[in-house]
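J.: Got a structure here, written out as structure tokens. Questions coming.
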Amino acid sequence: MAALLQSVSRLRDHLRLSMNFPSFPSGESQADIEQELERLRETDTDGRATFGDRWLNDRGLLLDDGALPVAKKAYDTFFTKNNSSSVIKPLESELIAWVLNLFHAGSSAAGVLTSGGSESLFLATAAAFARFQETNGAESSCEAVIPETGYPTFEKYSRYLDYSVRRVPVDEAYRADPDAINAAITDKTFMILGSMSSWAHGACDPIPALAAVAKARNIWLHVDACVGGMLAPFGHELGREIVDFDFALPGVSSISVDFHKYGYSAKGVSGLFFRDRTMAEEQTFVFDDWAAGYYRSPVLTGTRSGGAIASAWAVTKYLGRDGYTRRAAQVFKARDRIVDAVESNRDLMLLGGADLGTVAIGSDTIDIFAVSSCLGKAGWSVNSLTAPDGIQLVLGPVIDTYIDAFVEDLATAVETARGKADDRSRRQVVYSDEIANGPGALC
């Protein structure tokens, strides 16, 4: 009897706890599910509201050159496959080889595809960390020296690899200062970083100068080209003044690039590329002391989407050098128009040089967040910055109609903000991929 009462008590506690969560679905028809999905799509019918979908977009925001259906068809064809499929492996291998060629790599170079930029950055850091410990001893404490504009994954993953991060001040254009980086290097430094371009301000760090520092100090230089790696080479084709960043520079050890950004593939697929395959020797995990046999994985994740890999391969093959150059021309057209509008407005200023496709905008005279609010009311989705306060646009190959509309709406937003009190002290700037407030959410 006591055991029965105990079981009933546990069941009652379980039911009480389960009431905090929605009931598990009982099953619905395909028609009902499609109707709900279409209802969700109706929230962003206007291209301005999909400004965040700046690389692939089916709301008329971007240049229509056929890349979108190619990306979707490839993804749909192989969405049931993973990266270990015999169909997907050759696509991954060919895509890696294409990009190594684009990045002027030598015959000993190697690469791997990952699930996204954060994983690529983690693996680059892990490879540099392992090489340092192999040379200096496993118990050696070590430090990554990076510009203060570097992506936050370096702190995120320091918890797992047990290293520290030293962020170094940047120059007035938000670019890394090679002399400051060089001065910050110690015998504990296992890697330095340059960005092409930085996420917040779109600044391209002086990679040739950083590569010279890395070469002279015999330190690993990783180039975070997750944002601009598939844009900068084609900017060069157009004659744009863009700093060199790839393996043509002797001091560059590794490069990360996201195909789901300016590679225009489905989410999520990124790549990590090494000057020499020996640099990645410690990256591959091998294990055979279990019942299922020999296990080998060159990346952090296990299963990766075969659909995403196929999409990246298909879009790259479809666009080719000419197609990527045409898209780059439209990106830079949008960039130049917006930069001109900012520089001609007495209340706005560029934060950085808008070196690639990212434009950061600030103001010393009006509340820039009021400008952001006005743009939001006009339908635009833009990002916010802090230190200094600003708004940020990451541009895709936006068509002329929307370029004109944004420039016009920006001018209207500034005019409206001129009559508003400055209340930016009450604003909180948030950049997160895990903002949720439903039952069971971590944050």
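J.: Amide H neighbours of residue 189 under 5 Å, at least 5 residues apart or on other chains, H built in the peptide plane: list them.
T.: Under 5 Å from the amide H of residue 189: 143.
J.: Just to verify a number: FRET efficiency for residue 186 and residue 412, C-beta to C-beta distance, R0 = 41 Å, to 0.05?
T.: 0.20
J.: Using the count of nearby Cβ atoms within 10 Å as a rough guide to exposure, how do 380, 290, 98 rank from fewest to most?
T.: 290, 98, 380
J.: Do any trypsin sites (Lys or Arg not before Pro) in segment 163-244 lie in a loop, going by DSSP, with at most 14 other beta-carbon atoms within 10 Å of their beta carbon, and if so which? Kindly include the intermediate steps, with their values, before the conclusion.
T.: Numbers: sites: 166, 167, 175, 188, 215, 217, 240; in loops: 175, 188, 240.
Passing sites in segment 163-244 do not exist.
J.: Can you return the lysines within cross-link range of residue 377? Criterion is Cα-Cα under 23 Å, with same-chain partners fewer than 8 residues away left out.
T.: Hits, sequence-local ones excluded: 420.
J.: For the chain, what does -39500 (n - 2.57) per DSSP helix run (n ≥ 4), summed and divided by total residues, give at 222 nm, in deg cm²/dmol to the nearest 500?
T.: -13000 deg cm²/dmol
J.: Mind jotting down the three principal axis lengths of the chain based on Cα atoms? Whole angstrom, largest first.
T.: Sorted from largest, the Cα extents of the chain read 81, 56, 45 Å.
J.: Considering only C-alpha atoms, what is the centroid distance from segment 296-316 to segment 60-136, in Å?
T.: The distance from the Cα centre of segment 296-316 to that of segment 60-136 comes to 7 Å.
J.: Out of the trypsin sites (Lys or Arg not before Pro) in segment 19-63, which ones are loop residues according to DSSP with at most 16 other C-beta atoms within 10 Å?
T.: Answer in residue order: 59.
J.: Please name whichever of 138, 207, 362 sits farthest to the positive end of the charge dipole of the chain, dipole taken about the Cα centre and charges placed at Cβ: Lys and Arg +1, Asp and Glu -1.
T.: After comparing all options, I get 138.
J.: From the C-alpha coordinates alone, can you work out the Kirkwood hydrodynamic radius of segment 89-128, in Å?
T.: Taking every pair of different Cα atoms in segment 89-128, averaging 1/r and inverting gives 11.1 Å.
J.: With 10 Å bins from zero, work out the P(r) of segment 148-247 over every alpha carbon pair and list the percent per bin.
T.: Using 10 Å bins, I get a P(r) of 15, 48, 31, 6, 0 for segment 148-247.
J.: What are the radius of gyration and Dmax of segment 71-316, computed over its Cα atoms and given in Å?
T.: Spelled out, the Cα radius of gyration and Dmax of segment 71-316 are 17.7, 58 Å.
J.: Can you tell me the mean projection area, over all orientations, of the convex hull of segment 73-216's alpha carbons? Units nm², please.
T.: Averaged projected area of segment 73-216's Cα convex hull equals 11.0 nm².
J.: Segment 303-381: which trypsin sites (Lys or Arg not before Pro) are DSSP loop and have at most 15 other beta-carbon atoms within 10 angstrom?
T.: Sites meeting the loop and neighbour criteria: 346.
J.: Using only alpha carbons, build the gyration tensor for segment 175-230 and give me the equivalent ellipsoid semi-axes, biggest first, whole Å. Walk me through the intermediate numbers first.
T.: Working: eigenvalues 82, 24, 18 Å².
Calculated on Cα positions only, the semi-axes equal 20, 11, 9 Å.
J.: Just rank 103, 259, 285, 245, fewest to most, by other beta-carbon atoms within 10 angstrom.
T.: Final ranking by Cβ density, sparse to dense: 285, 103, 245, 259.
J.: Based only on the alpha carbon positions, what is the Kirkwood hydrodynamic radius of segment 218-376, in angstrom?
T.: 18.8 Å
J.: Sticking with this structure for a sec: Determine the dipole magnitude for segment 331-426: charges of +1 sit on the beta-carbon of Lys and Arg, -1 on that of Asp and Glu, nothing else is charged, the reference point is the Cα centre, and the result goes in debye to the nearest 20.
T.: 200 debye
J.: Debye sum, Cα scatterers, segment 331-426, no solvent: what log₁₀ I/I(0) at q = 0.13, 0.17, 0.18, 0.21 1/Å?
T.: Relative scattering, expressed as log10 I(q)/I(0), comes to -0.38, -0.67, -0.75, -1.05.
Every read-out reported here was derived from the displayed coordinates using simple, explicitly stated rules and does not represent laboratory data. Remember, predicted model here, so these are calculated numbers, not experimental data. Reconstructed Cβ throughout: ideal geometry from the backbone, glycine too, with neighbour counts over all protein chains shown.
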